[in-house]
Structures are given as C-alpha cells and as structure tokens.
Amino acid sequence: MTVNAGPSPMQDPMRIVIVGGVAGGMSAAARARRLDEHAEIVVLEQGDYVSFANCGLPYHLSGEITQRDELLLHNPESLAASLNLDVRTGHRVTGIDRLSQKVTIQSGDDTYALPYDALVLSPGAVAVRPPIEGLDHPAVHTLRTIPDVDALRKRIEDLLATRGQSQPGPSAVVVGAGFIGLEAVEALTARGLQVHLVELADHVLPPLDAELAPLLAAELTAHGVDLRLSVSAQAVRQAAAMPVTLGGAVRGSGKATSPAAVRVTLSDGATLAADIVIVNVGVRPASALALEAGLDLGPTGAIRVDGDQHTSDPHIWAVGDAVEVTQAITGARIPVPLAGPANRQGRRAADSICGRRTTPQASVLGTAIVRVFGLTAATTGANQATLARAGIAHEVVHIHPGHHAGYYPGSEQMHLVASFAPDGTLLGAQGVGRAGVDKRIDILATAIRAGMSADDLAELELAYAPPYGSAKDPVNMLGFVAQNVLSATMPQWQAQDLDKALATTLILDVRSRSEFAQGHIDGALNIPHLELRQRLGEVTALAGKRQVSVYCASGVRSYLATRVLLSEGVQARNLSGGWLTLQAVHPNL
Ligand code: FAD
C-alpha cells in the first residue's frame, strides 16, 4: 500500500484543478483536501452554484423542500473556510492544453490559462435534445439546475396567481417518463397542475421490467395524470386563445378560453394544451472538452477511464456522468448517470492523485429508486431486456409478498422480480410497492455485489419482528422460489408464454370459484387447490398427454398444486407471479 501524506510544506504544493463543482467534482476536491493539506485545489464551475443537491430539485419544485437554501449545501466562501478550496463559479473551462498542462478558462469577458499538476474532469451530462419543433419556446423547461427549478417555480406561481376561477387550471406536459420525468410529474401534480405525461416507450420508467410498469401507470392515472404511452412529442407551438380540450376532455364550462402558452402535438395526432412543458428524455456524457483535448472516448461518447479514474492522459482523471463504467452483469462499458457512482469516483480520483491506495473502480449495478406518489419503484443489476440483449441465460421469478408479517396490521403487498443465472447467481432485481421496497432492493444490490446466489438469499438472516418483516423475508422467498425453479422442484412458465401455453397445454386455475368468476384465462379448468387431490382424475383425463400449466393469484397456491401434480406423475408447471403478473403482461385478458 502506498501512503503519501502529500508534499511537505518545503515543496511546491501540487495544483489540482477540478472542472465541475457538483457531485463528482466536489467529492474529489473535498477528499483531496483531506489527504493533502498543502495542495492548491481550484474548482472551476461554469454555473453560479456549486455543491448543490440536484437530486433534491424535484422536491423543491413540489414544495416539500420549502427553503431553496436547503439545496445549496455549500458556497465558495463556506468551501474556502472549511476546506481551503479555491472555488470559482461562473468560470467555464473551454480548452485543455495537455502538452503544457494548462486549462483555458472563460469568465465573463475574460479568458485566462491555469496550469495544473493534476486535472479532474467532472463536467456531468447534458440533456438530450429530442427532435421536437419549438423546443426554444419559453414555456419549455428542463429540470437539471437551480436556475431551472427557480424558473419553473416562478412560472407556476405566476400561473396560480393569475388564472381566473372561470378558466381551466394550469396544465403541463412532461416529455419522458424516466426517473426525473416521473419526479417532475409528481411535483407538478402536487402544485395543482393537470399533468400529461408523454413517453415514447410502451411503458413508464423504461428501465423497469414491463410487468411492473403497469403498477406505476395505474398509480399515475389514479392521481389524475393523463398518460400517453408509445407516442412522441413532435412540436411545441404557441397557442392561440381559443376554447380547448385538455387531455381529450373539455374542462370547465366548455366556453373557457385557454390562456395556455403552447400546444404540444403528439405523433398520434393528439394535441395537448399546456402552460409548461418539461422535457426530460435522458442525458448524454458531457465529453466535448475531453474529445477536443484528444482523450480517449468510448463508443457511447463517454470518457474512457481506468480502475482509478485515469483517462488516457496520466495527468487527467475523469469521474461522474461523463465517464464510462463497467456494467456489473453484462460487462458493457456504458455511462451510468447516478449520484452514488459519481461521488465514489470523485473520492477515488483524489485517492489516486494523492498517491493513496485506491479501491479500483467496482463495476456499476445501476441501483436506482423513485417515488411515484404512493408507490416506490426500485431496480438493481440487469433487467430482463438487458439480459436478453446480452444473451445471458437466466430464470425470472416473480413474487408478491407482504412487506411485513400479514397478521400484523398494515401489511402492504409488494411486487418483486429477480433474475438468476442457471448456476443460481443473482443477476438483477426490481420491486414496486407501497412500503419496504427500498430495503429489499438495497439488500439485493448488496447480494449482487457479493456475488450471491439463490442459496445465499435463502440463507440470509435478516432482522425480523412483525412490524418490520417476516420470518421468511421477501428476500428469502426470492431465494426459495429460485431454488425450486433451478432444481426443477417447481418447473415454471412465464406470463409472456401464454399463447403457447394455451395452444399446447392444459391451463389449470386453482383459485376459488369466486376468484375464477371475477376473471380467468379462457379455456382454463378451475379446480380450487384444496379440491385438487380429490379431483386429480379430471385433470389427467382432460390433459391427456399435455403438460398442465397451473396458476393462482400470486403463484403460492399453484406451487402447492404443481407439487401435488408432479408427485402424482403429472407433468405440471407453475405460472411465475400468478394472475397478478399475468394481468400486468396481458392487461386485456
Ligand atoms: P454534475 O453533478 O451534474 O456536475 C457537473 C458540473 O460541471 C455542472 O454543474 C456543470 O455546470 C459543470 N461543468 C460542465 N462543463 C463545465 C466546464 N467546461 N467548465 C466548468 N464547469 C463545467 N442520481 C441519483 O443517484 N439519485 C437521484 O435521486 C437523482 N436525482 C436527480 C435529479 C435531478 C433533477 C438531476 C438533474 C439529477 C439527478 N441524479 C440523481 C443524477 C445525479 O445528480 C448525477 O448523476 C450526478 O450529479 C453526476 O455528478 P457529476 O459530477 O458527474 O455531474
């Protein structure tokens, strides 16, 4: 292990120059100061703010974080006082001269050069500008910075103050149903706006497996959000003052004149009136500076770095949204724009610059979470689409357990999906629910990082008392179910295979008669699971040589039934996730 306390006061201090003063950049600056008291550390930030909580912006928009100052964790003065940092806001780095180790800086009308011994690039990401006509209209906003949220709050306050009783309430179109888009929808709804959410993909939160997304869609709709899936916004045009339909329904008296700023035309021909448009369709690495300086970039346009954040230049490190990381499951080199990796990478870059032993950059799981009104959605590792694209063999299990013991009041059902390699290694997990999802996904993220398998999950010893969990925690249950599937104790079928199951197998519904009456797969035989042992003959007679595809509401009773059938020599398999998952995959069943 190399330990370097930094240069002694007798030596010229090292000058560390950092481009970007928020997540990754400020982590690097603070860690570098803690490791080297004598270094000259200059942070250059093009904006007016440093070290601000960009993840908190949607919650200031909603009004939950009431004080704007809460988002401003530090300013140049506080950073000079606490960490002896030279933080320069309004200073944009416009070029890097690698030969002479200098950056060129633009500040107002001034341009100057600053030499560096070590340069850290943490310029973040830039918002993708989709091909929508009229994106420069003043009603169109993004949600990335403090000035963005200031502008949005001002616009909302003006709208609420000026809109008359007889006029339709203010409305917004949010383009993009990713993490930040969903947070924006929630915030605008909380402020009383009618929100239309437009998403090109066929489900909200595209990184989520398709069978979990309908839960979020239902929650959005229940909160009055007008959801438009599988369509793109094509144009934003100034609205003429005229009677309007909002989201397809006429609001107010029908004689109302819309003062809406714009009309947003969608690819399906629909037109939405809106006072505010927020476009959030993703980001790309802010790597233009690195590209111009001749640093190596990957095919995604992100800056190539090694295990201790070195770029292809030995004097330049790069961190955060702008760099490539290794996706833990697929090994793909991609940018993953999340705050946790950016902060850890900033710390690692400082360790490397200051000659400390670095913990080499771990591959990134992309663990992420979002609140959508009363629901939480979270994901870690690879989702099913990613595994399929990468050609990685896997088994998927779905469970719908309570977040704590069912007999203790207030148990909320959660929906978990996890993918396992044929050898049992956990590859990815996702969850949606009203309580306890964050805890499970964090456990599962830790499990993936530790290379755990279904057997390990089954044996995890987690804290339990009835108000907190179950003796068999949902995480253990994922392990049990996966063990059963992988050992062929419980062969399973997936909701996506319904057509094939209908064509080639006997479908057996083992729910109660009343559940069956409320909805079932056409052509299914209904034998409630408690009657199955007595009515086995009916199953074998009807099935003939065909396999029996069993299902119940969530997969538990059908598991019992599958075991009964298998032990009687009947080829049977259980529907993963049961009717709940089936309905999510086939909403028109
Ligand atoms: P940033 O923190 O974006 O900092 C880059 C800075 O560099 C910017 O301030 C920029 O102005 C400056 N800069 C760029 N070029 C130059 C230049 N040439 N000269 C000088 N300065 C320059 N992640 C999560 O994990 N969880 C969340 O809940 C979450 N919520 C988010 C909500 C919002 C609204 C946003 C916008 C992001 C959210 N993120 C979240 C993502 C997270 O904030 C980023 O992944 C993280 O900030 C990236 O850190 P970074 O240092 O790479 O870039």
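Just give me the residues in the range 436-451 being within 19 Å of G577 (Cα to Cα) and either in contact with a Gly (Cβ under 6 Å, 6 or more places away or on another chain) or surrounded by fewer than 20 Cβ atoms within 10 Å (Cβ to Cβ) (or both), in sequence order. Those that are within 19 Å of G577 (Cα to Cα) and either in contact with a Gly (Cβ under 6 Å, 6 or more places away or on another chain) or surrounded by fewer than 20 Cβ atoms within 10 Å (Cβ to Cβ) (or both): V437, R440, I441.
Here the helices (runs of 4 or more DSSP H) wholly within the range 488-589 that include at least 2 residues being in contact (Cβ under 8 Å) with a residue 12 or more places away in the chain and under 20 Å from H398 (Cα atoms) are 498-504, 556-567, 578-585.
Pairs linking a residue in the range 301-330 that is at positive phi and polar (S, T, N, Q) to a residue that is more than 15 Å from the ligand (Cβ to nearest atom) and not in a loop (DSSP other than H, G, I, E, B), with Cβ atoms under 8 Å and 6 or more positions apart or on different chains, are Q309/S352. The residue of the range 12-25 that is farthest from the ligand (Cβ to nearest atom), among those that are surrounded by fewer than 20 Cβ atoms within 10 Å (Cβ to Cβ) and at pLDDT 95 or above, is M14. Residues considered: T326, T330. Of these, the only one that is of a type in the set (S, T, Y), farther than 30 Å from E219 by Cα and in contact with a helix residue (DSSP H, G or I) (Cβ under 8 Å, 6 or more places away or on another chain) is T330.
Screening the range 335-349 for residues that are outside any loop (DSSP other than H, G, I, E, B), closer than 24 Å to T379 by Cα and not polar (S, T, N, Q) and picking the one that is farthest from the ligand (Cβ to nearest atom) gives R344. Of the residues examined, A421 is not one that is more than 21 Å from the chain's Cα centre (by Cα) and modelled with pLDDT under 95. Residue check: is D69 away from the ligand (no atom under 16 Å from the Cβ), modelled with pLDDT under 95 and closer than 30 Å to L182 by Cβ? So D69 fits the description; yes.
Within the range 459-473, the set of residues being crowded, with 20+ Cβ neighbours inside 10 Å and out of contact with any His (no Cβ under 7 Å at 6 or more places or on another chain) comprises just one member, D473. Here L79, L44 are screened, and the one residue that is within 9 Å of the ligand (Cβ to nearest atom), under 30 Å from F179 (Cβ atoms) and crowded, with 20+ Cβ neighbours inside 10 Å is L44. All conditions in (1) without any contact (Cβ under 8 Å) to a residue 12 or more places away in the chain; (2) crowded, with 23+ Cβ neighbours inside 10 Å hold for A454, with the sole exception of (1). Reported count of residues in the range 362-395, each being more than 16 Å from the ligand (Cβ to nearest atom) and either within 20 Å of F420 (Cβ to Cβ) or touching a Cys at 6+ places or on another chain (Cβ under 9 Å) (or both), is 15. Filter the range 82-121 down to residues that are touching a residue at least 12 places away in the same chain (Cβ under 8 Å) and of a type in the set (S, T, N, Q) and give me whichever is nearest to the ligand (Cβ to nearest atom). Per the criteria, the residue is T94.
The rows are residues; the columns are (1) touching a Lys or Arg at 6+ places or on another chain (Cβ under 9 Å); (2) closer than 30 Å to L291 by Cβ.
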residue	(1), (2)
D12	no, no
G20	no, yes
I41	yes, yes
D86	no, yes
G95	yes, yes
Q101	no, yes
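Of all the numbered requirements in (1) within 13 Å of the ligand (Cβ to nearest atom); (2) farther than 27 Å from R153 by Cα; (3) touching a residue at least 60 places away in the same chain (Cβ under 8 Å), Y49 misses one, and that requirement is (2).
Listed conditions (1) under 30 Å from A187 (Cβ atoms); (2) touching a strand residue (DSSP E or B) at 6+ places or on another chain (Cβ under 7 Å) are all met by E64, apart from (2).
Yes or no, residue by residue, for (1) part of a loop (DSSP other than H, G, I, E, B); (2) more than 25 Å from A339 (Cα to Cα):
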site	(1), (2)
G366	yes, no
L387	no, no
I392	yes, yes
V396	no, yes
G410	yes, yes
L416	no, no
G428	no, no
G431	no, no
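None of A28, A32 is part of a helix (DSSP H, G or I), within 22 Å of P123 (Cα to Cα) and away from the ligand (no atom under 13 Å from the Cβ) except A32. Residues of the range 281-334 that are within 12 Å of the ligand (Cβ to nearest atom), surrounded by fewer than 24 Cβ atoms within 10 Å (Cβ to Cβ) and in a loop (DSSP other than H, G, I, E, B): G282, A286, A293.
Restricting G134, G124 to residues that are away from the ligand (no atom under 11 Å from the Cβ), surrounded by 16 or more Cβ atoms within 10 Å (Cβ to Cβ) and touching a residue at least 60 places away in the same chain (Cβ under 8 Å) narrows the list to G134.
The values are calculated or read from the model by the stated rules, or taken from the named source; none is laboratory data. Keep in mind it's a predicted model, so treat the numbers as computed, not measured. All Cβ positions, even for glycine, are placed from backbone atoms using ideal geometry, and neighbour counts span all protein chains on display.
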